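Read-outs: derived from the displayed coordinates by stated rules, not from any lab. Quantities reported herein were computed from a predicted structural model and do not represent experimental measurements. For neighbour counting, all protein chains shown are included, and Cβ atoms are generated from backbone atoms with ideal geometry for every residue, glycine included.
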Amino acid sequence: MPKINGTSTPPSSFSTMQCDYYNELPGTLKGVECSLCKNKGSILVEVEGYTVLRMCECQKQRRALQALTKSGLKELVKEYTFDTYLTKEQWQYHIKQKALEYVTNPHQSWFFIGGQVGSGKTHICTAVVNRLMEKGFEAHYMLWRDDIVKLKSSVMEQEVYQKAVKYLKEVKVLYIDDLFKTERGKSPTQSDIQITFEIINTRYNNKNTITLFSCEKLIQDLLEIDEAIGSRIYQMAKHYTIEIREDKRKNIRLR
Ligand SMILES: [Zn+2]
């Protein structure tokens, strides 16, 4: 411990003043209001007479918020939570239980929910992905029909294309919404299938990644569109493959 002689202010109270001064300064960070660091993201603390700059607790929240914005799910997560998922009927209860079970151990498998339009598939997947983000996983939301068009249009600019595809291949959690949903029910094109396969196959080979799917089709339909894709999804999601057979009563949008 250093001793400072000839000063009337003991070292500890001087550093206390420094800390108080610093900690009162307003910062410029946005998104989270923090009374502790006044939105600077750091606080000055006193340790054995010295001042030490520490990261403020709010930084975790700021990072989570950034991740959420980047994921593309920021708007969906407000509405689509586990709490707001209705379980009035047995089949809904079953889906929710499966999803809750899945989030406790997502590393062992993928998650697939397919079938009936309007049965809350995006809702439950969003709730799952949000829970995984809360656990600190980076996630990305891919709305298949829009993103595949963007990817195809960037094929001529190899650098842009490669960068986008690389991200989709490597991001820890990828949620592909409405897989193979095309305009007016047309079959996906060869390039749709090829790009999708490239992404799914890389993730299939990298067991560290987590992939979720919602889809209006059932596994059997996927196998018919492309066996390599369908079989990989089925193999990886097996226990967490949920299929909702066509049944208009299960379309909650029609109620
Ligand atoms: Zn703070």
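Worth pointing out:
- Kirkwood radius for the chain, taken over all pairs of different Cα atoms as the inverse mean of 1/r, rounds to 21.1 Å.
- Computed from Cα positions, the angle between helix 121-134 and the longest principal axis of the chain comes to roughly 30 degrees.
- DSSP bridge pairs, the stretch 114-255: antiparallel proportion in percent, nearest 5: 0 percent
- Between S42 and C56, the built amide H atoms are under 5 Å apart, and every one of these is 5 or more places off in sequence or on another chain.
- Amide hydrogen proximity for E216: with H placed 1.01 Å from N in the peptide plane, the residues at 5 or more positions away or on another chain lying under 5 Å are G115, L179.
- Checked against a 26 Å cut-off, the cross-linked pairs K60/K152; K74/K96; K163/K217 give Cα-Cα distances beyond that limit for K60/K152; K163/K217.
- Amide H contacts under 5 Å for I242: F112, I113, G114, restricted to partners 5 or more places along the chain or on a different chain, H placed in the peptide plane at 1.01 Å from N.
- Choice from K40, K169, K238 showing the highest fluctuation, given a GNM over the chain with Cα pairs closer than 10 Å: K40
- Whole-Hz ³J(HN,Hα) from phi, Karplus 6.51 cos²θ - 1.76 cosθ + 1.60, for the stretch 165-179, glycine and proline x: 5, 4, 4, 5, 6, 10, 4, 3, 10, 10, 10, 9, 9, 6, 4
- Summarising the strand pairing of the chain, around 25 percent of its internal DSSP beta bridges are antiparallel.
- Phi angles of the stretch 102-112 translate, via the Karplus equation with coefficients 6.51, -1.76, 1.60 and θ = phi - 60°, into HN-Hα couplings of 4, 5, 6, 8, x, 6, 7, 7, 8, 10, 10 Hz per residue; Gly and Pro are given as x.
- Tensor-based shape of the stretch 111-236 (alpha-carbon gyration tensor, a/c under 1.5 rounded, otherwise prolate or oblate): rounded
- Aspartates and glutamates whose Cα lies under 17 Å from that of K238, excluding same-chain neighbours fewer than 8 positions away: E101, D221, E227
- Sequentially through the stretch 67-76, phi angles give Karplus couplings (6.51, -1.76, 1.60; θ = phi - 60°) of 4, 5, 4, 5, 5, x, 9, 3, 6, 4 Hz, Gly and Pro residues having no value and appearing as x.
- Within a Gaussian network of the chain (alpha carbon springs, distance under 10 Å), most fluctuating of V77, V47, V165: V47
- On Cα atoms only, tilt of 227-237 relative to the major axis of the chain in degrees: 50 degrees
- Shape descriptor for the stretch 11-56: Rg over Rh equals 1.02 (Cα atoms; Rh from the Kirkwood inverse mean 1/r).
- Ellipticity at 222 nm from helices only: DSSP H runs of n ≥ 4 in the chain, each -39500 (n - 2.57), divided by the residue count, give -14500 deg cm²/dmol.
- Lone cysteines, the chain (no partner Cβ under 4.7 Å): C19, C125, C215
- Length-normalised contact order for the chain - Cα pairs under 8 Å, 6+ apart - percent: 20 percent
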